[in-house]
1. Could you give the nm distance between label points at residue 95 and residue 334, where each point is 7 Å from its Cα heading toward the beta carbon?
2. By average Cβ neighbour count within 10 Å, what is the ranking of 411-420, 4-13 from highest down?
3. Pairs of lysine in region 262-398 with Cα under 25 Å and at least 8 positions apart or on different chains: total?
4. Just reorder 351, 71, 249 by solvent-accessible area, largest first, 1.4 Å probe, all chains present.
5. Go through 391, 427 and list them by solvent-accessible area, largest first, probe radius 1.4 Å.
6. Can you say what percent of the DSSP beta bridges in region 345-436, counting only those with both residues inside, are antiparallel? Round to 5.
7. Contour minus end-to-end for residue 268 and residue 358, with contour as 0.36 nm per residue of separation and end-to-end as the Cα-Cα distance?
8. Taking the mean number of other Cβ atoms within 10 Å as a proxy for protection, how do you rank 368-378, 178-188 from highest to lowest?
Amino acid sequence: MLVAIVGRPNVGKSTLFNRLTKTRHAIVSEEAGTTRDRQYGKCEWVGNEFSVVDTGGWVVNSDDIFEEEIRKQVAIATEEADLVLFLVDVNTGVTDLDAEVAMILRRSTCPVILVANKTDNSNQQWQAAEFYSLGLGDPFCISAATGSGTGDLLDMIIEKSPTPSVEGPGEGLLPRIAVVGRPNVGKSSIINAFIGEDRHIVTDIAGTTRDSIYTRYQKFGFDFLLVDTAGIRRKNKVSEDLEFYSVMRSIRAIENSDVCILMLDATRGIETQDLNIFQLIQRNNKGLVVVVNKWDLVEDKSNEAIKTFEDAIRARMAPFTDFDIIFTSALTKQRIYKVLETAAQVDKHRRARVGTTKLNQEMLPLIEAYPPPSMKGKYIKIKYCSQLPDTRIPSFVFYANLPQYVKEPYRRFLENKIRERWNFSGTPINIFIRQK
């Protein structure tokens, strides 16, 4: 599920974003228009997960187009998000811009929660009554700064979340592959190169969420679903801000996929937004193939240059480095078959299983030779391990006498040793330590 936080400047969107995602990624300031970069992250609440987008990052702080940019973002948010949090400031009351945003939201079919922020005491709750004039139902009083009311707000978000529809016969068995990346990196070009001129092989299949479309791809012996992304779905009716629109689409494509093809621009290298999208892929536990596009524009194509490029990418994406990097050109169709082949392989790795007997034969002698470090004078013993069945990604459980003392570095050690012995390239792995 994708939740967008909208509202005029300085109502506390970034503060609420930080509160929901339990991060401090968004800069908070009294100055309107502070948020310039793209903020999006994951929120977890009582066993449910959803993505959150702070729309403040896409407002251009200019007197002549400032308000128009806000209206544009609200229009995109209602088109792409599953739920909109409309933030208003209880101290300033209803403004003209609040009323205009409310008018856009009333016309949309997207569920909206009206949130009256900065309600720091009970007396201010009475002031929130004037927001009934916006015609969006009861104002939900919170204080994003102190956290007051945010637990109840999260309960309401989960309550209003859309229920995924049931897929058609056999569709759930097909891998779902998404092409994601920054704007102008070549997503549309590579998808067009995949599809080619024989467009009759492509059929649109309604997906599990409100605006998703899966495109069935049957060519060169492959059979999978391309998740909706640039170049497949029809253009939206809104006049979109390219950056904001791209991020909203990327989040939805990642959430609805099994394997993500992350596109990078060979002429620009790896940038901050590439890392943001990579982190979102990781948080959603999706398979990964990194594709460096526009390789035809690079002059130095030597092995040393390729090695330097690969090392730079893996260094920025560490500690997860077990993924393939493919250098392609969507324009010349160089190595695009390799991209599809690798994505299909990553999906197989995601579904792979290791027999319990084989796993114990390989891992227990290794654990005995390199046991977890003792804690508080107590020795930790791992006696048994197995792979959990029916999980989205390969998940292994190790049974120990004192699981609470096994720390993250040793979990990474176990993961690395599993990767050395079995091919799980491109897919994340879960390591659990439980009481034996």
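1. 5.1
2. 4-13, 411-420
3. For region 262-398, qualifying lysine pairs total 15.
4. Sorted descending by solvent-accessible area, the residues read 351, 71, 249.
5. Result, largest first: 391, 427.
6. 50
7. Stretched fully, the residue 268-residue 358 segment lengthens by 27.9 nm.
8. On the way: 368-378: 11.3, 178-188: 23.5.
For the peptides 368-378, 178-188, the packing ranking is 178-188, 368-378.
The values are calculated or read from the model by the stated rules, or taken from the named source; none is laboratory data. Because the structure is a prediction, the values reported are computed rather than measured. Here Cβ is always computed from backbone atoms with ideal geometry, including for glycine, and neighbour counts include all displayed protein chains. Side chains included, ligands, DNA and RNA excluded: accessible areas come from the protein's heavy atoms. Shrake-Rupley method; radii C 1.70, N 1.55, O 1.52, S 1.80 Å.
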